[in-house]
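To start, the structure itself, in structure tokens.
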Amino acid sequence: MKCLIPITVVPKASPRCWTWSRPPAKVCWRRSCVQIQRAKPLKAHNTLALKASASAYVSAHSRDDIVAALDWARVEGLPVLPMGEGSNVVLAGDLKALVLCQSEQRIQLVAERGDTVSVQVSAGYNWHALVGECLDRGWYGLENLALIPGQAGAAPIQNIGAYGVEVERFVEAVHGIYIENGEAFSFSTAECHFGYRDSVFKRELRDSVVITAIDLRLSTRPDTHVVYPALQEELDARGIETASPADVYASVVAVRSRRLPDPMTEPNAGSFFKNPVIGGEHADELHKAFPQLPLYELDDGTVKLAAAWLIEQCGWKGRREGDIAMHDDHALVLVNRGTASGAELLAYAGRVVASVQHRFGVALEMEPRIYGN
Ligand SMILES: Cc1cc2nc3c(=O)[nH]c(=O)nc-3n(C[C@H](O)[C@H](O)[C@H](O)COP(=O)(O)OP(=O)(O)OC[C@H]3O[C@@H](n4cnc5c(N)ncnc54)[C@H](O)[C@@H]3O)c2cc1C
């Protein structure tokens, strides 16, 4: 799923001059020339393996590549859709857009302060590879987030989280470019407005920026976080009492590999629905009617419910309709068992939402973003 399409680089003398032909187009600007592919199939670029194509596609290796591609799209009148490894998107149909992927693999130590380091990572870095690389270098903190699919640039967008840790804990800054005018920006953690699977990039800045790099503050002192029962059980099973960062990393990888379906063999987008958060009164009513309902009280008085439990109670776990199925072991994971279209997947998801709403009066929200029509 990596964006590793080779780019033809042609040295340019004049500072701003484009040349392009159909197809593919070669776009040159300043020191960079990028190859724009037309009518690009995206089945291999989304983990649900949904068939769709993009009217144009570019794999950018550098900031100059991105700026050149943005300029080209502006002239062509095409919207730009930045994409990582396609592990959190539903392609509902063909995209009339320039899909922009990044492939730069850069990790750079920016500063050292006491027991912490600040590290800048290019957006194109594979997230799991980054977690392993940081561990090898003695930069700790990311271990609980091992094996989450996708690129580093996408991590702040939905504030990725797993096993009791969210990436916002480590993000110092997010750097990028506004699609509309090519201007650069840098946001501090506070400006990212992180929330549960949420950030400013999912809301106010949705589809309007290309994230090019993130700054992470990591610890050089082992700083493990083991609060999640499944992780603790795995450490216990390994006979580990005081877990090192490497122990946590290995345990997370083991638990995830055992529990989560691999998109390469069972195309999926991970958890398809967010865990809903409801008001305290509503939670009390539900608890009276369904005493088994798992509830997690939050600091602000609201209550988080387990979406998987609600879905399972409605009889969806393992149910297959056409080529779409809710996974046999995971009532949150929708799987494409054949050649389902994005429309079929969304119709199935809509039926799940309707039945949960009907039975529990709770609105489920989809986690992946929908593109195409
Ligand atoms: C098996 C599986 C397990 C998963 N487990 C977890 C989990 O435990 N926790 C979790 O939080 N998530 C999980 N996910 C979801 C997913 O891995 C994350 O959301 C991940 O960050 C998506 O990265 P990506 O590169 O694939 O982004 P994509 O799916 O390509 O893109 C997602 C969104 O981000 C935008 N985007 C991507 N890159 C950029 C960029 N550089 N600049 C601007 N916009 C961009 C896209 O336009 C799109 O809107 C899982 C997914 C799968 C398939």
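With region 293-373 as the region, which strands (runs of 3 or more DSSP E) entirely inside it contain at least 2 residues that are in contact with a Pro (Cβ under 8 Å, 6 or more places away or on another chain)?
Working: elements: 295-297, 303-305, 324-326, 333-336, 369-371.
Result: 303-305, 333-336.
Does residue 258 count as modelled with pLDDT under 95 and surrounded by fewer than 15 Cβ atoms within 10 Å (Cβ to Cβ)? Before the answer, list the steps.
Numbers: modelled with pLDDT under 95: yes; surrounded by fewer than 15 Cβ atoms within 10 Å (Cβ to Cβ): yes.
Criteria met by residue 258.
Could you tell me whether region 233-244 includes any residue that is in the same structural domain as residue 348 (by TED's automatic domain parsing), over 27 Å from the mean Cα position of the chain (by Cα), assigned to a loop (DSSP other than H, G, I, E, B) and over 27 Å from residue 85 (Cβ atoms)? If you could, list the steps in order and put the result at the bottom.
In the first step, residues of region 233-244 are kept if they are in the same structural domain as residue 348 (by TED's automatic domain parsing); the result is none.
The answer is no, given that none of the residues of region 233-244 is in the same structural domain as residue 348 (by TED's automatic domain parsing), over 27 Å from the mean Cα position of the chain (by Cα), assigned to a loop (DSSP other than H, G, I, E, B) and over 27 Å from residue 85 (Cβ atoms).
Say we look at region 349-366 and pick out the residues that are among the small types (Gly, Ala, Ser) and within 13 Å of residue 315 (Cα to Cα); which of these is surrounded by the most Cβ atoms within 10 Å (Cβ to Cβ)? Give the steps one after another, and end with the answer.
Quick first cut of region 349-366, residues among the small types (Gly, Ala, Ser) only: 349-350, 354-355, 361, 363.
Adding the requirement that they be within 13 Å of residue 315 (Cα to Cα) leaves 354-355.
On the way: 354: 12, 355: 17.
Per the criteria, the residue is 355.
Just name the residue that is nearest to the ligand (Cβ to nearest atom) out of those in region 75-95 that are among the charged types (D, E, K, R) and at pLDDT 95 or above. Quick ask: steps written out before the conclusion?
Residues of region 75-95 among the charged types (D, E, K, R): 76, 85, 94.
Then keep just the ones that are at pLDDT 95 or above; that gives 85, 94.
Details: 85: 4, 94: 16 Å.
Among those that are among the charged types (D, E, K, R) and at pLDDT 95 or above, it is 85.
Please specify each residue of region 329-348 satisfying the condition of being acidic (Asp, Glu) and either exposed (fewer than 14 other Cβ atoms within 10 Å of the Cβ) or in the same structural domain as residue 93 (by TED's automatic domain parsing) (or both).
Applying the first criterion (acidic (Asp, Glu)) to region 329-348 yields 329, 344.
Listed by number, the list holds a single entry, 329.
Can you list residue pairs whose Cβ atoms sit under 8 Å apart, with the first residue in region 252-278 being assigned to a strand (DSSP E or B) and within 11 Å of the ligand (Cβ to nearest atom) and the second being among the acidic types (Asp, Glu) and at pLDDT below 95? Count only pairs 6 or more apart in sequence or on different chains.
Final answer for the pair search is 269/367; 270/367; 271/367.
Take the residues in region 170-183 that are within 13 Å of the ligand (Cβ to nearest atom) and not hydroxyl-bearing (Ser, Thr, Tyr), then tell me which one is nearest to residue 148 (Cα to Cα). Lay out the reasoning, then the answer.
In the first step, residues of region 170-183 are kept if they are within 13 Å of the ligand (Cβ to nearest atom); the result is 171, 174-179.
Still in the list and also not hydroxyl-bearing (Ser, Thr, Tyr): 171, 174-177, 179.
On the way: 171: 16, 174: 19, 175: 21, 176: 22, 177: 25, 179: 27 Å.
Once the filter is applied, the top-ranked residue is 171.
Checking residue 283 against (1) more than 23 Å from residue 259 (Cα to Cα); (2) assigned to a loop (DSSP other than H, G, I, E, B); (3) among the hydrophobic types (A, V, I, L, M, F, W, C): exactly one of these is not met. Which one?
(2)
A quick yes/no check of all residues on (1) without any contact (Cβ under 8 Å) to a residue 24 or more places away in the chain; (2) within 11 Å of the ligand (Cβ to nearest atom); (3) of a type in the set (Asp, Glu):
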{"position": "59", "(1), (2), (3)": "no, no, no"}
{"position": "65", "(1), (2), (3)": "no, no, yes"}
{"position": "73", "(1), (2), (3)": "no, no, no"}
{"position": "109", "(1), (2), (3)": "yes, no, no"}
{"position": "123", "(1), (2), (3)": "no, yes, no"}
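Which of the following residues is surrounded by fewer than 22 Cβ atoms within 10 Å (Cβ to Cβ), more than 11 Å from the ligand (Cβ to nearest atom), free of Cβ contacts under 8 Å to residues at least 24 places away in the same chain and not assigned by TED's automatic domain parsing to the domain that holds residue 35: 114, 138? I'd like the intermediate steps shown before the answer.
Details: 138 fails: free of Cβ contacts under 8 Å to residues at least 24 places away in the same chain.
Residue meeting the stated conditions: 114.
Which of the residues belonging to region 188-233 are near the ligand (Cβ under 9 Å from one of its atoms), at pLDDT below 95 and in contact with a helix residue (DSSP H, G or I) (Cβ under 9 Å, 6 or more places away or on another chain)?
none
The values are calculated or read from the model by the stated rules, or taken from the named source; none is laboratory data. It should be emphasised that the depicted structure is a prediction, and the values quoted were computed from it without experimental measurement. Heads up, the Cβs are rebuilt from the backbone with ideal geometry, glycines too, and the neighbour counts pull from every protein chain shown.
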